[in-house]
Structure formats: C-alpha cells, structure tokens
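Notes for the one structure printed next.
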Amino acid sequence: MNRFAWLVRRELWEHRAIWMAPAIVIAILLLGAVTGNLFIGDITVDAHTAGAETGHTLSKEDVEKLKKEADDWTVGASDEERQAIVDKLEKLEGRRVVGPAEALGLVPKAKQLKIVGLFYAAVAMLVVFVMGTIAFFYSLDALYSDRRDRSVLFWKSLPLSDAETVLAKFFTAAVGIPVVAAVAALLAQLIAAAGASAKVAIIGGDPSVLWNPAVLATALGSVGLMAAVSVLWYAPLVAYLLLVSAWSPRSPFLWASLPPVAVVMLERIAFGTAYVQAFLVHRFLGPFKAMVNDTSATPGVVVRQHSGELDITTTAADLGGRILDFVISPSMLVGLLGAAALIALAIWGRRYREENT
Amino acid sequence: MPDLIEATGLSKSYGDTKALDGVSFKVAEGRIVGLIGPNGAGKTTALKAVLGLTRFQGTLTVIGRDPYRQRHELMQDVCFIADVAVLPRWIRVQQVIDFIGATHPRFRREVCERFLARTDIKRTSRIKELSKGMVTQLNLALVIAIDAKLLVLDEPTLGLDILMRKQFYETLLNDYYDGERTILVTTHQVEEVEHILTDLMFINHGRIVLDASMEDVSNRYVQLAVRPDRAAAAQALGPISVRQGLGRVHMLFADRRREELDSFGDTGVPSVADLFVALMQGGQS
C-alpha cells in the first residue's frame, strides 16, 4: 500500500461514520426485510384508493378511478393500446376483488413498474442523503479538528507534505464517500427488493415486478452513474468546505454557511433577485434535478408502453443522454477549475494557518 | 562536527510582540542543547521555526534545508515531541505504529515493538484511554524508533510526575542518544535536564542571552558561598548576582578565576537554575 492509500486509510480510522453509517442503514434494511416490514406500500395504497379492497365489489366510480389512473400511467402509449386497457377495466365493474394479490393485480403493470422504480430510487436516496450529510461534515472537520486538539503538530512531525495530506482528505470526501455510497445504495436496493418480494409473495402476489430487468438495470445503473457524476459535480463543494476547514479559527460550520446565506439575503434585499440562491441550489442539487427533471416523475424510469414492458435501451439512452448533457455542461467544467483553485488555497491554509492556532 | 542548525537574524512578530528579535545561533551535530527561557521568551517560536511550522524573517538552515519550504523532506531526519497532548486522541496504538511504519522511511518497527513490550500499553487501546504516563511511554517508543538526526523536544515532560520525568530522560539517554544524534530541548524543569545537556542557550524577550557549552559555563561562571562578614569584600569583585542564604551569601561571578575567589569561601559550578535566574534578572535591570 502506498503512502496516499495510508493517508486515506487514516481518514477512515478517524472518521468511522464514513463506513459505519451505511453499514447501519443496511443493517436496518436487512432487519426490515427479515421481519417482513419492508413493502412497496404504494401499490397497495393505490389499489385501496381505487376501491380494490379485498372482498370489495368494484363500483362504477372505482372503475372510473382505475381508468383515470391508467390514463396517467400510459404516457406515450398509442391510442389503441390505451383503448385496450380501458376496455379491460370496464369489464371489472360489479366484480368482487378476492384478495390482496388480485388488488395488486388491478394496478396497471406500467404503474407497478413506476412504483418499483420509485421504490428503488427512494432506497438509494436514503443512502445518498446519509452519505451526503457525512461528506459535508467530514469535509468541514477534516482540516480543523486536528488544529483544535493540536494533534496537527503530531501529523506535521511526520514526513508528509501538506499537499499530500489535503489531497488525501479531498479524495476521501470527493471520491471515497461517493464510492462507498454507491456500493451501499446498490446493496440497500437489492436487500429492500428482496424483502419487498418476500412480502408480496406472502400475500400471494407476483414479486417478479420487483425484478423487472429494465427497472432493475435502470435503478442500479443510475446509482453508478450518479456516483460518477457526483465525484465531478461535488468536487468544488468539497474543496470549498476543505478550504473553510483549513482556515476558520473556530466553528467551520458557521464560517462555511453564514457567508453564502448572508449574500443570498443581501441580494434579495438590495436587488430583489435570487441568482446566488439559484446558483447554490444548482450546486447542491444539480445532478438530482437533472435526473428527475423530466415528464416522467420517476428518476430514470421512462414508461413508454402500456404493457409495462420497458424498452431498456430507450430508458438507458434517455437517462444517459441527460446525464451526459449535464457532465459536459459549462458549469461542470467551471466547477472543476474552481475546485482546483480552492484546493490550492486549502493546501496553503494547511501550511500557513497552523502557527495561529 | 558540522552544524546541524544554523540560524542568522531570525525574527518573528505576532502583532506588536516580537517573539524572536534577530536571533542567531548554531547547533553542532551530536550536541544536546537546552533552550531555556521564561514563558513567552520565544522558545516555542524558535522551535517552530526549526521544525518548519512557522514563517520567519532571517535565514535558517536545518540539516541543509529550509525548514518552512522543505518541511516534509526535513521531517525524515527530524523527530519532534511536544508535550504529551499532541498525539491524536482517537487513534489506536496499533494504528499509530502502522501509520508511522508506512509513512516514515526511518521508522524501525522492531525498536518500537521492543520498547513497548516493556510497558503495559495495549495495542488496541485508543490514546484517550491511556494514562498520561503511558502516552509518554508510547511517544518515547515512537521517537526512539525513528532513526533521526535531530530530535526536538518542546516541554516533553509537562504535567508528568517526577518518576515519569526521570524515566523519560533516562530512556532518552540510554536508548536513543548515541553521541551522533542531536537533541534540542526546551523545558521549565531545568534541574532535570542540566546533567544531560552539552550546551546551554538562554533566551529572553526574543533574544539569546547565553549560548555556551556546559564546559564553557563551568569555566566562565563561579558560584561562591561567602560568610556574611566577608560579603562586602567579595561584592567588590562585581558578582552578577547576590542571593542571601542560610548563614552564607551566594554570589555568582562571571569571568573570574576560581583562585581569586577561593579565599572568600566555598566555590563551585553554579546550577543552571541559579545561572538562569542570575542572567534573567541581569537582563531585566
């Protein structure tokens, strides 16, 4: 193992949350899966709202509701395809729904797939949120905590350059944490899907919808893609936080957050505009907005046919295209240049700042 | 022996306070130098400059390098212990050994292991779980395992009890010092280091007040214990300090031959502490 790897390893020793937090999330999901508490609840809820309760006789209104739903969820389907669904649903009037499995079955396949896509996305977002929070506070702490407790004197007594040290910390936050997050999100998705499948199977439903190859591939693929994009997109944010961490005399959180908040408020008061705010939101949420900003409300899942058979090449190409547009956008490139400058300042701070603490 | 540290006109200000005011000194290889001074005299600033931890005016070469610009290269040959508080509290004993072993080319792991085997320190403990004495032992184990040319100690025994302090310096002399290595130490506990020092440097208000080898000190300064009735006569010889003792007046003379003073009472080599007090008071008046 080379020196750089040891430096990164040291970060993981010190900041155990980087691997313990995802481990805890996964453990909780596992527990949920084993105890049968994981469920793609939305599908049953929707079946209920459609009046498709067990032992319930479907009224005209129930059917109208289902038809309206089917309408919403068959965007892109041809008129004939849509008509076929409507015809099928109309035959349901006056029928009794005999079990939860059938209730589930009444939800249009396309909608089921959408919900499954959302389910995968929600599980991934849970992990992303946890890891994002960790990355934020790790970066703020990385060059500050050892100045606060004076252990910086110990680290500086070793033949390691300040540049190496800062770069290892940058690498940990900007690359290490996204990689851990991606692996954890993939595991979490698979565990959650397994748990939900078991539950669906127990009530007599067909769990295969959870393992639809197109949805699964899109869900897992977007996690990998997002991790890669995050590395590039969040580099300047990490570098900014490291810079604050290297320089702030105390309370790096306030030093990092108050100036941007003050600028946003001043802009609002002075000009009545919100450009800075828009910029900050873009910097924080950019990739996520790029993923979901689409007529289809589900990240990465584009349902094109009423049958629910997703065209995987279309969805992947669509998602990939949007992400690629995002990656080669000017703001991404400007951000990377900014990150390099901020890191250089952080290295300088690491070297210079010590004497004042 | 070549000079390991060469400082010329070293200055450093914090605001209006001059921590170092045009200090020049040299430290030759193989010496054990005590840098002694009252609080705020500039000791720590001088050490920080030597370690490349602070910027300064003037020129400073440590083992042929500019410490501020080439700190990480310099640190292959320099070892540093500040008071025991600087080891990171979260790290485990095994981790700190592994990390130094992996990043320090001069770390001799077996030396460290051998030393630690004589202690009760558990490898799995975190630093914060160790007693102060154990942290000192661990620090020593790490330092003596690094084959450095220069060891810098900044108040290394601060907050330790007298047994630990004694053990610290004994270990340093027995297990580390080999006559070629150089040690630069600052401390308030002068009595504990004076018998191991080869050179003495007093610093006050950012200036060097005394820079001499211990031989020079014992040649140059004479302590005289004189009976009160002869004190006036001795006073005429111009002592640099006079202190009233029990039935004796203690005087400290500079540049007086011992034979001149023998007739007044008992002469001897002054302790570093007495010399320190004498020179510091002299500097203030």
message = Being more than 26 Å from the chain's Cα centre (by Cα), away from every other protein chain (no Cβ under 14 Å) and without any contact (Cβ under 8 Å) to a residue 60 or more places away in the chain narrows it down to one residue among A:227, A:246, A:182, A:201; which is it?
response = A:201
query = Tally time: how many residues in the range B:37-60 are more than 16 Å from residue B:17 (Cβ to Cβ), more than 10 Å from every other protein chain (Cβ to nearest Cβ) and surrounded by 19 or more Cβ atoms within 10 Å (Cβ to Cβ)?
reply = 3
inquiry  = Restricting to the range B:6-36, name every residue that is free of Cβ contacts under 8 Å to residues at least 40 places away in the same chain and either away from chain A (no Cβ under 14 Å) or outside any strand (DSSP E or B) (or both).
reply    = B:15, B:16, B:26
key: Residues being of a type in the set (D, E, K, R), in contact with an Asp or Glu (Cβ under 7 Å, 6 or more places away or on another chain) and farther than 22 Å from residue B:161 by Cβ - total across the range B:79-133   = 2
request  = Could you tell me whether residue A:222 is surrounded by fewer than 21 Cβ atoms within 10 Å (Cβ to Cβ) and polar (S, T, N, Q)?
outcome  = no
task = Can you run down the residue pairs with Cβ atoms below 6 Å, 6 or more apart or on separate chains, where the first is in the range A:87-107 and basic (Lys, Arg) and the partner is surrounded by fewer than 16 Cβ atoms within 10 Å (Cβ to Cβ) and modelled with pLDDT of 65 or more?
result = A:96/A:57
query = Do the conditions hold for residue B:133, that is, is it more than 13 Å from chain A (Cβ to nearest Cβ) and within 29 Å of residue B:20 (Cα to Cα)?
reply = no
query = Taking the range B:226-267 on its own, how many of its residues are at negative phi, assigned to a strand (DSSP E or B) and of a type outside the set (Phe, Trp, Tyr)?
reply = 12
request  = Looking only at the range B:69-125, count how many residues are charged (D, E, K, R), more than 18 Å from residue A:160 (Cα to Cα) and either surrounded by 16 or more Cβ atoms within 10 Å (Cβ to Cβ) or more than 10 Å from chain A (Cβ to nearest Cβ) (or both).
outcome  = 10
inquiry  = Looking only at residues that are aliphatic (A, V, I, L, M) and at pLDDT 90 or above in the range B:52-71, which one is farthest from residue A:157 (Cα to Cα)?
reply    = B:60
ask   = Looking at the range A:115-181, what helices (runs of 4 or more DSSP H) fall wholly within it and have at least 2 residues that are β-branched (Val, Ile, Thr) and surrounded by 22 or more Cβ atoms within 10 Å (Cβ to Cβ)?
value = A:162-171
request  = Quick one: which residue in A:153, A:113 is over 22 Å from residue A:238 (Cβ atoms) and in contact with a strand residue (DSSP E or B) (Cβ under 8 Å, 6 or more places away or on another chain)?
outcome  = A:153
Residues within the range B:151-187 that are small (Gly, Ala, Ser) and either assigned to a strand (DSSP E or B) or under 23 Å from residue B:130 (Cβ atoms) (or both), tallied = 1
task = Looking for whichever is in contact (Cβ under 8 Å) with a residue 24 or more places away in the chain and assigned to a loop (DSSP other than H, G, I, E, B) here; the options are B:128, B:122. Which one fits?
result = B:122
query = Where residues in the range A:195-210 are of a type in the set (A, V, I, L, M, F, W, C) and surrounded by fewer than 18 Cβ atoms within 10 Å (Cβ to Cβ), which of them is nearest to residue A:124 (Cα to Cα)?
reply = A:198
Given (1) over 14 Å from the mean Cα position of the chain (by Cα); (2) surrounded by 24 or more Cβ atoms within 10 Å (Cβ to Cβ); (3) more than 24 Å from residue A:11 (Cα to Cα); (4) among the hydrophobic types (A, V, I, L, M, F, W, C), number of the condition residue A:217 does not satisfy = (2)
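To keep it simple, each residue is scored yes or no on (1) modelled with pLDDT under 75; (2) of a type in the set (Val, Ile, Thr); (3) surrounded by 15 or more Cβ atoms within 10 Å (Cβ to Cβ); (4) more than 25 Å from the chain's Cα centre (by Cα).
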position	(1), (2), (3), (4)
A:27	no, no, no, no
A:35	no, yes, no, yes
A:39	yes, no, yes, no
A:46	yes, no, yes, no
A:53	yes, no, yes, yes
note = When residue B:221 is run through (1) crowded, with 19+ Cβ neighbours inside 10 Å; (2) without any contact (Cβ under 8 Å) to a residue 12 or more places away in the chain, the failure sits at (2)
message = Checking the conditions here, which among B:173, B:160, B:200 is hydrophobic (A, V, I, L, M, F, W, C) and more than 22 Å from residue B:4 (Cβ to Cβ)?
response = B:160
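The values are calculated or read from the model by the stated rules, or taken from the named source; none is laboratory data. Keep in mind the model is a prediction, meaning the values are calculated, not measured. Positions of Cβ are generated from backbone atoms using ideal geometry, with glycine treated the same way; all protein chains shown enter the neighbour counts.
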